[in-house]
Amino acid sequence: MKKRLSIAALLVCCFAAAFAAFADLNGKWKGTLKIADFELPLTYTFKVDGETLTGACSTDQGDLPILNGKIKGSDFTFALDIQGQQMPQVGKFYGDSTVITSEFQGQKTHVKLLRAQ
């Protein structure tokens, strides 16, 4: 009986730790999109509510809202609307950094984001 109680307590702690990790995804994250000789500073603002991700991606050209955001484990997905075309984004949360990959018009991108200070 004690062994089952210990295992249950351990599982609850693991679930709480995983949930706390996603709470840390909340806030602003900065990085730079680099394509050939072009660099575009990006700021993502994430808001986590359960398994739903909302927020926006900000550039010097304006803000793009996060669409259809979902979280599962340390992975998350969402889309950005670029001139009427949805650009799927796939992210991985590492605690101190976040990596987002995407593809737009045949061009794959990979952006590492760090928490904004």
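Hey, could you check the range 102-114 for residues that are over 15 Å from Pro41 (Cα atoms) and assigned to a strand (DSSP E or B) and say which is modelled with the lowest pLDDT? Here the residue is Phe104. Look at the range 50-67: where a residue is under 17 Å from Lys30 (Cβ atoms) and a partner is assigned to a loop (DSSP other than H, G, I, E, B) and not acidic (Asp, Glu), sitting 6+ places away or on another chain with Cβ atoms under 8 Å, you get Gly55/Ile66; Ala56/Ile66; Cys57/Ile66. Taking the criterion of being modelled with pLDDT of 95 or more and surrounded by fewer than 13 Cβ atoms within 10 Å (Cβ to Cβ), the residues of the range 70-93 that qualify are Lys70, Asp75.
Of all residues in the range 87-104, those that are charged (D, E, K, R) have Cβ atoms under 7 Å from Cβ atoms of residues that are at pLDDT below 95 and not in a strand (DSSP E or B), 6 or more apart or on another chain, in Lys92/Ser74. Is it true that Gln86 is over 16 Å from the mean Cα position of the chain (by Cα) and part of a strand (DSSP E or B)? The answer is yes for Gln86.
Against the numbered list (1) in contact (Cβ under 8 Å) with a residue 60 or more places away in the chain; (2) touching a Phe, Trp or Tyr at 6+ places or on another chain (Cβ under 8 Å), Ile71 comes up short only at (1).
The values are calculated or read from the model by the stated rules, or taken from the named source; none is laboratory data. Everything numeric here is computed off the predicted structure, so don't read it as measured data. For neighbour counting, all protein chains shown are included, and Cβ atoms are generated from backbone atoms with ideal geometry for every residue, glycine included.
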